Amino acid sequence: MLFDFFLESNLIEKGFFIFFIIVYGSYYSISLCSFFIIRNYVKRQKYFDHEEMHKSRYLPKIALIGPAYNEGPVVLESVRSLLSVQYFNMELVVVNDGSKDDTLQKLIDEFELEPADIKPYSNIETMPVVNTYKSKNPAFSKLLVVDKVNGRKADAINVGINHSLADYYAVIDLDCILEPDTLLRLVEPVLKERDKKVVAVGGVIGAANDALIRSGKFVKAKSPKDFLPRIQIIEYFRSFILSRPAWSQMNGLLLISGALGLFEREVLIGVNGFTHNSIGEDMNLVMKIHEYCLDRKMDYCIDFIPTPLCWTEVPDNLPMLGNQRNRWMRGTIECMLTFKNMALRPKYGIIGMISYPYWFFAEMMAPLLEFIGFFAVIFFIYTDLLNVRFAIALAILVYIMSVLLSCFSVVVYHLYFNKYNSFKDFWLFIKAAWLEPFIYHPRVLKWSLKGFYDFFIKKSVGWGEMKRTGFNTSKS
């Protein structure tokens, strides 16, 4: 019916239909590409011996850097998890960014810390360091704690970079729980790549709300009881499972999640670390790295591991989630404007010709275009320039295609990773996918539009720190 309408439609109706084909054609193309990448990755992993790799004398040294600000409820579980990671050539650097709660004292008491004179190895400019701590207990010899004046996350990470001499830095959020083999998987592209320099690696982030965490280890995932965290998990499925593998394959990835990322030392120092005053410091860093490497004509790649490596809490209430999405939008706008010199310039290859334009329209401008499009449809219907039946049919098709994309992400996740292994969990996710466009998406649109408003009127808005409730460590 819709195609019959298209043949008989006017230019405005044809325009709406062509726009629909372009948007969903790109979404499904990227998703299918990611699906085949994941399928091949899972097949290869069956024959890959991580235990043998762990014994290799060629493993580069990795410094795990975790900035901590008011992380008291989760900091001990997180540090225990990080210290249990299967990687012998590593150091854990926890940077207390002027916390106002008991984060530092908990660390001192639990890990038997005492002041130690640790001098910086590099000189990225940061806020002052108050003290450095090492443990009296040899069991915690890999742990270094740095206490500093508050300067926000990026500044804390830069302090960690300054105080550790490693080949690669794995930047994490202290509210995260890592899979035991996370570093082995992250470093795998570094060891296997022969033609290009691997300058950064990202991985899949999972939501740990209502999951069982025991002794700092992820034990069991289950669908959260509340709808809000559950629907965010589907967002994570779409973003990490059906998008980033494809962009990584093209070496066009513009974002590595701030919750977990691996970065090569030379390049990280070369770009002067994280930009301390950036709203979207994780995306800003990746774009800086692309610009740095392409300007120097380096043969490099930014890789992505398409399997769950890291688990974190997602916001469980509307105000907290709204602040987060507002900040994400402001960070996206900031990065798009900061690196606008790369847009549509052949010098910057895939990044300038494909990644930047796609991100500009599909991520930054999408909420604004959707908002304008909604009122444009009403106006065109009112002025008889748009057939009502055509508009309804197109709206139904948009709804179905959106839901099917979400369902596809759920199926792929359950098919290849099986972290939520009950049929009840699977059904709850599918049900949430059908409800998302009505219950959840309008709120995300509202928060994103507010991010636009807050950014362009230069309104002073906080970073939107998330209050942690702590992981589920019960035995049931």
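The values are calculated or read from the model by the stated rules, or taken from the named source; none is laboratory data. Since we're looking at a predicted model, the values are computed, not measured. Note: ideal-geometry Cβ built from the backbone for every residue, glycine included; neighbour counts use all protein chains shown.
Restricting attention to the stretch 283-290, does a residue exist that is in contact with a Cys (Cβ under 7 Å, 6 or more places away or on another chain), under 30 Å from LYS43 (Cβ atoms), surrounded by 20 or more Cβ atoms within 10 Å (Cβ to Cβ) and of a type in the set (A, V, I, L, M)? Checked the stretch 283-290: no residue is in contact with a Cys (Cβ under 7 Å, 6 or more places away or on another chain), under 30 Å from LYS43 (Cβ atoms), surrounded by 20 or more Cβ atoms within 10 Å (Cβ to Cβ) and of a type in the set (A, V, I, L, M).
Determine whether LEU415 is aliphatic (A, V, I, L, M), at pLDDT below 95 and buried (at least 17 other Cβ atoms within 10 Å of the Cβ). It is false that LEU415 is aliphatic (A, V, I, L, M), at pLDDT below 95 and buried (at least 17 other Cβ atoms within 10 Å of the Cβ). Checking ILE12, ILE30, ILE108, ILE37 one by one, the residue that is assigned to a helix (DSSP H, G or I), touching a Pro at 6+ places or on another chain (Cβ under 6 Å) and touching a residue at least 24 places away in the same chain (Cβ under 8 Å) is ILE37 and no other.
Condition check ((1) out of contact with any strand residue (DSSP E or B) (no Cβ under 7 Å at 6 or more places or on another chain); (2) farther than 21 Å from GLY202 by Cα) across all residues:
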residue	(1), (2)
ASN277	yes, yes
GLY280	yes, no
LEU285	yes, no
LYS297	yes, yes
ILE302	no, no
THR307	no, no
PRO319	yes, yes
THR332	yes, no
TYR356	yes, no
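Residue by residue, here is whether (1) assigned to a helix (DSSP H, G or I); (2) modelled with pLDDT of 95 or more; (3) at negative phi; (4) within 25 Å of the chain's Cα centre (by Cα) holds:
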residue: ILE354; (1), (2), (3), (4): yes, yes, yes, yes
residue: ASP384; (1), (2), (3), (4): no, no, no, no
residue: TYR399; (1), (2), (3), (4): yes, yes, yes, no
residue: LEU405; (1), (2), (3), (4): yes, yes, yes, yes
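When ASN123 is tested against (1) at pLDDT below 95; (2) more than 30 Å from VAL187 (Cα to Cα); (3) among the polar types (S, T, N, Q), just one condition goes unmet, and that condition is (2).
Working carefully through the options THR312, THR338, THR307, find the one that is more than 20 Å from MET250 (Cα to Cα), touching a residue at least 40 places away in the same chain (Cβ under 8 Å) and within 14 Å of the chain's Cα centre (by Cα).
THR312
Being free of Cβ contacts under 8 Å to residues at least 40 places away in the same chain, under 23 Å from VAL23 (Cα atoms) and not aliphatic (A, V, I, L, M) is the requirement here; does PHE390 meet it? Criteria not met by PHE390. Selection of the stretch 118-152 for residues being acidic (Asp, Glu) and farther than 23 Å from LEU83 by Cα yields only GLU125. Of the residues making up the stretch 418-444, just one is small (Gly, Ala, Ser) and modelled with pLDDT under 95, namely SER422. The number of residues in the stretch 44-97 being part of a helix (DSSP H, G or I), of a type outside the set (Gly, Ala, Ser), in the same structural domain as GLY261 (by TED's automatic domain parsing) and out of contact with any helix residue (DSSP H, G or I) (no Cβ under 8 Å at 6 or more places or on another chain) comes to 3. When you scan the stretch 203-220, do you find a residue that is at pLDDT 95 or above, buried (at least 23 other Cβ atoms within 10 Å of the Cβ) and not basic (Lys, Arg), even just one? Within the stretch 203-220, one or more residues are at pLDDT 95 or above, buried (at least 23 other Cβ atoms within 10 Å of the Cβ) and not basic (Lys, Arg). Checked against (1) without any contact (Cβ under 8 Å) to a residue 60 or more places away in the chain; (2) part of a loop (DSSP other than H, G, I, E, B); (3) buried (at least 19 other Cβ atoms within 10 Å of the Cβ), LYS119 passes all but condition (3). Inside the stretch 242-269, residues that are touching a strand residue (DSSP E or B) at 6+ places or on another chain (Cβ under 7 Å), farther than 22 Å from GLY331 by Cβ and assigned to a helix (DSSP H, G or I) make up a count of 2.
Every residue, every condition in (1) more than 13 Å from ILE12 (Cα to Cα); (2) buried (at least 16 other Cβ atoms within 10 Å of the Cβ); (3) of a type in the set (Val, Ile, Thr), yes or no:
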residue	(1), (2), (3)
ILE372	yes, no, yes
PHE379	no, no, no
ASN387	no, yes, no
ILE396	yes, no, yes
PHE408	yes, yes, no
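When the stretch 126-152 is filtered for residues that are assigned to a loop (DSSP other than H, G, I, E, B) and either without any contact (Cβ under 8 Å) to a residue 60 or more places away in the chain or under 15 Å from LEU76 (Cα atoms) (or both), the ones remaining, listed by number, are MET127, PRO128, LYS136, ASN137, SER141, LYS142, VAL149.
Being surrounded by 21 or more Cβ atoms within 10 Å (Cβ to Cβ) and of a type in the set (Ser, Thr, Tyr) is the filter here, so list the residues in the stretch 224-256 that pass it. Matches in the stretch 224-256: SER243, SER248.
Summed over the stretch 419-457, the residues that are in a helix (DSSP H, G or I), of a type in the set (Val, Ile, Thr) and loosely packed, with under 14 Cβ neighbours inside 10 Å give a count of 1. Against the list (1) small (Gly, Ala, Ser); (2) over 18 Å from LEU369 (Cα atoms); (3) in contact with a Pro (Cβ under 9 Å, 6 or more places away or on another chain), the condition ALA433 fails is (3).
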